[in-house]
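Peer 1: Dumping the structure here so I can ask a few things about it.
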Amino acid sequence: MVFDPRAGFWLALAYLAVFGTVVAFLCSLSLLLEAGSGVAMYVSVLSPPGALVVSIALEGLRPEVPTMLGMMHALRGAWVWLRTPAAPRRAAPAVTVDKLHTAPHATDRIAPGEIADRALIGP
């Protein structure tokens, strides 16, 4: 493996490392938290086909069959997601502090998922 000693190579690599991964991840996480999983899905699924269209139009890329199959698969998945009706949301049960403290003795061991079970079911 040979590394390019030119500064331009290292600057481009640093740019891709920072903006192509770290900043992009923080932006997608912010989108997920602010807009929800549906919108985040559209962005993450439709970005690669969008980048492919830009490369075809501006760079003269001639995509091969596997590339086109992948793009069609991504677009079909987004289309199926759009046509699938959303499941009704259930309201979360109210949890009170007294329901969490149901162990008869302070020395009793509680399994990791048992606190959540007790909060939902009660004593």
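The values are calculated or read from the model by the stated rules, or taken from the named source; none is laboratory data. Just so it is clear, the model here is predicted, and its values are computed rather than measured. Every residue, glycine as well, gets a Cβ built from its backbone with ideal geometry; the counts of neighbours run over all protein chains shown.
Peer 1: From 106, 116, which residue is at pLDDT below 55 and surrounded by 11 or more Cβ atoms within 10 Å (Cβ to Cβ)? Break it down into steps so the answer makes sense when it comes.
Peer 2: On the way: 106 fails: surrounded by 11 or more Cβ atoms within 10 Å (Cβ to Cβ).
After ruling out the rest, the residue left standing is 116.
Peer 1: Kindly indicate whether any position in segment 65-83 is touching a Ser or Thr at 6+ places or on another chain (Cβ under 8 Å) and at negative phi. It would help to see each step written out before you state the result.
Peer 2: Filtering segment 65-83 down to residues touching a Ser or Thr at 6+ places or on another chain (Cβ under 8 Å) leaves none.
No, there is no match, as no residue in segment 65-83 is touching a Ser or Thr at 6+ places or on another chain (Cβ under 8 Å) and at negative phi.
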